[in-house]
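A short write-up of the structure that comes next.
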Amino acid sequence: MLKRAVILRLIVGTFFILAAFSYAFYDFFTHRPSSIERVLPPLPNIPDDQICKEGAIKSDEEKGPYDLTLTITKGDTLLSILVDAQIDKKQAHEIIALLKKHFDPTSLKPQHEIYLTYIKDEETPGNRLVESLYFRPVIDKEYWISLDKNGKFVFEKNDIKLNKITREARGKINDSLYADAGKQGVPTKILHQMIQAFSYDVDFQRSFQPGDEFGLLYDMRADEDGVREEAGELLYATLSLKNKKLHLYNFKLKNGAQGFYNQHGESVKKGLLRTPIDGARISSRFCKNRKHPILGYTRAHKGIDFAAPMGTPIMASGDGVVARASPYAGYGNYIRIKHNKEFSTAYAHLSRFAKGLRAGKSVKQGQIIGYVGSTGSATGPHLHYELIRHNIQIDPASVKMMPAAKLAGKELQDFKSIKDLINRQYHELYLAKMAQTEMSSDTEEEEDEDEAREIFITETPADESP
Ligand SMILES: [Zn+2]
């Protein structure tokens, strides 16, 4: 009996043990794993210290492909950067040889990035085999090198379509234009254009006072993904100074020349007057060799002579600062005006200077600076006029730097429609920005402010008449 009881107990015990196992078994297979558990492949049964060792797992996932971004730093060559990234040396040389046929690798500059896809070389551990390589040294071009199905590298170049984005910025000048406009994200290149355009009217070293304001409308060029963008052109700039408000509009002439014009269509580049004297006739032109009428020997005539009655008023041919107003050897009474870094003009043989005119005084285009005479070595009353570029006299007739100061006719009409378009954009972008600011302060959400003050223009250049 005892024997039977033991056997029975064993059977019951076994039953319970089996039941327990079955439940565990059941639970193991029916327990719903979390979504992450289901997605992840099971971990291989490898001791922890081996998991991190290269080559410990020889699965396809380990082989790659992998993405790698290489950033060029100063002193890098394409070869050095590929070798440093453990790219197979033979491949690196092949890639460079191929690239050199289409692109100068030395034009890769610091900060440029190269995007690589590679797989691990199973034969040579630590070696990486390139599958493709891509870079974009300029915003609108991308270069690809990739393996074709025969295992040879092929080169491909793609043009990237860019969109024009127009942006607006405005604010007070508290510190400097660079600092205050820069804070709003205006690129330095755009500010350069603005300062250059205003340099004829504004002295950026000292013109600003508290309360002065700036405004800008400008283009950016951006790719469709909005990943990269670069400064385009300044379209409009305004400065509200204490006693004047200045506006400049970018306008392209029929002949392709681009310039900035004020609201009246007057060029900011104040051209020099061709004739700084009224009603005079040219009595002697600029020439490199000429027999001097008094001294008899041959020498160059480095100016233009205008014959005019004694006392005829002489005008400054452009805005500038008087560099000299005094007798000057054979020139007699002589005035020299510096117009900008490049150009000066000189006026000789004057009978007298205009009242108050002396070195250091500013003069305006057309302002009377003196009167015709025959002081110095002159045979009769005339104005000897010189155009000086970087301290060398040049023939004023040879220089095309004297554009029509004001647009006229059809061009003025075109300018007016561009001006209206620009004014409208400048206003609308501002309203959009204000609406955006209000909205984000209502919802207290941080929105990308730039979004609101952009107008996307595809294909059509902004400077074409609508
Ligand atoms: Zn002369």
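In region 115-153, which GluC sites (Glu not before Pro) are in a loop and have at most 11 other Cβ atoms within 10 Å, using DSSP for the loop call? Write out the running numbers ahead of the final one.
Working: sites: Glu122, Glu123, Glu131, Glu142; in loops: Glu122, Glu123.
Answer in residue order: Glu123.
Roughly how many Å² is the accessible area per residue of region 63-159, as a whole number, for a 1.4 Å probe?
58 Å²
Residues of region 281-398: accessible area per residue at 1.4 Å, in Å²? Mind dumping the intermediate values first?
Numbers: 6030 Å² over 118 residues.
On a per-residue basis, region 281-398 sits at 51 Å².
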| field | Fraction of accessible area attributable to carbon and sulfur, region 63-159 (%, probe 1.4 Å) | value | 50 percent
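Measure up Lys302/Lys361; Lys244/Lys269; Lys63/Lys109; Lys172/Lys245; Lys254/Lys406 against 21 Å on the Cα-Cα distance and list the ones that go over.
Working: Lys302/Lys361 26 Å; Lys244/Lys269 18 Å; Lys63/Lys109 31 Å; Lys172/Lys245 14 Å; Lys254/Lys406 14 Å.
The answer is Lys302/Lys361; Lys63/Lys109.
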| field | Cα centroid separation - region 305-356 against region 207-223, whole Å | value | 38 Å
| message | Quick check: at a probe of 1.4 Å, how many percent of the accessible area of region 281-398 sits on carbon and sulfur atoms? | response | 52 percent
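The values are calculated or read from the model by the stated rules, or taken from the named source; none is laboratory data. Values in this document were obtained by computation on a predicted structure and should not be read as measured data. Please note: Cβ atoms are built from the backbone with ideal geometry, for glycine as well, and neighbour counts cover all protein chains shown. Keep in mind that these areas ignore ligands, DNA and RNA; they rest on the heavy atoms of the full protein, side chains included. Shrake-Rupley method; radii C 1.70, N 1.55, O 1.52, S 1.80 Å.
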